[in-house]
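What follows is a short report on a single structure.
The values are calculated or read from the model by the stated rules, or taken from the named source; none is laboratory data. Just so it is clear, the structure is predicted and the values come from calculations on it, not from any experiment. Reconstructed Cβ throughout: ideal geometry from the backbone, glycine too, with neighbour counts over all protein chains shown.
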Amino acid sequence: MVKLNRNKRKAGFTLIELMLVVVIIGALVAMVMPRLTGRGEQARVAAATADINANIATALKLYELDNGNFPSGSEGLNALLVKPSSARNWNGPYLERKPLDPWGKEYEYKSPGEHRKSDYDLYSLGKDGVESADDVKNWE
């Protein structure tokens, strides 16, 4: 007959060991989280800047090369998707879809521009959706 040892410790973690692990994980999270907060907003601003200065700007320049001028303010960025009546040599669509900023709103477009009188103003109203300091624009 096999004799069982009642004093033999069972495998597993004690409550103190588990609490120590939770405290360590909590300390690591407390150190890392402040570095990550605000990164989402920075990424949205960077995406809007890339759209304004590269993606949409390239489509507008191609439109201008084909037609001799930028779309009018009344035609807006929709002229990059659907041929407007004023287009002479439209070879679009110049964009795959309607351009929305990272906050889900349409980009603002004015031609001729108020700030860049020789071509156009293109900007996003940012997170708050109104003209303010958080706007991302193609001037300044």
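Numbers below:
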{"item": "Residue satisfying all of: in segment 113-125; outside any strand (DSSP E or B) and without any contact (Cβ under 8 Å) to a residue 40 or more places away in the chain; surrounded by the fewest Cβ atoms within 10 Å (Cβ to Cβ) among these", "result": "Ser118"}
{"item": "Looking only at segment 119-135, and only at residues there that are charged (D, E, K, R) and either over 16 Å from Leu100 (Cα atoms) or touching a strand residue (DSSP E or B) at 6+ places or on another chain (Cβ under 7 Å) (or both), the one that is modelled with the lowest pLDDT", "result": "Asp134"}
{"item": "Test result for Tyr94, over 25 Å from Glu41 (Cα atoms), free of Cβ contacts under 8 Å to residues at least 40 places away in the same chain and under 21 Å from the mean Cα position of the chain (by Cα)", "result": "yes"}
{"item": "Residue identified as within 21 Å of Lys117 (Cα to Cα), modelled with pLDDT of 90 or more and more than 21 Å from the chain's Cα centre (by Cα) among Leu77, Leu62", "result": "Leu62"}
{"item": "Total residues in segment 66-89, condition in a loop (DSSP other than H, G, I, E, B), farther than 11 Å from Tyr109 by Cα and touching a Pro at 6+ places or on another chain (Cβ under 6 Å)", "result": "1"}
{"item": "From Gly104, Gly76, Gly113, residue being within 17 Å of Trp139 (Cα to Cα) and not hydroxyl-bearing (Ser, Thr, Tyr)", "result": "Gly113"}
{"item": "Given (1) over 19 Å from Tyr123 (Cα atoms); (2) in contact with a Gly (Cβ under 7 Å, 6 or more places away or on another chain), index of the condition Ser86 fails", "result": "(2)"}
{"item": "Residue that is in contact (Cβ under 8 Å) with a residue 60 or more places away in the chain, surrounded by fewer than 19 Cβ atoms within 10 Å (Cβ to Cβ) and either under 30 Å from Gly40 (Cβ atoms) or aliphatic (A, V, I, L, M) (or both), where the choices are Asn78, Asn53", "result": "Asn53"}
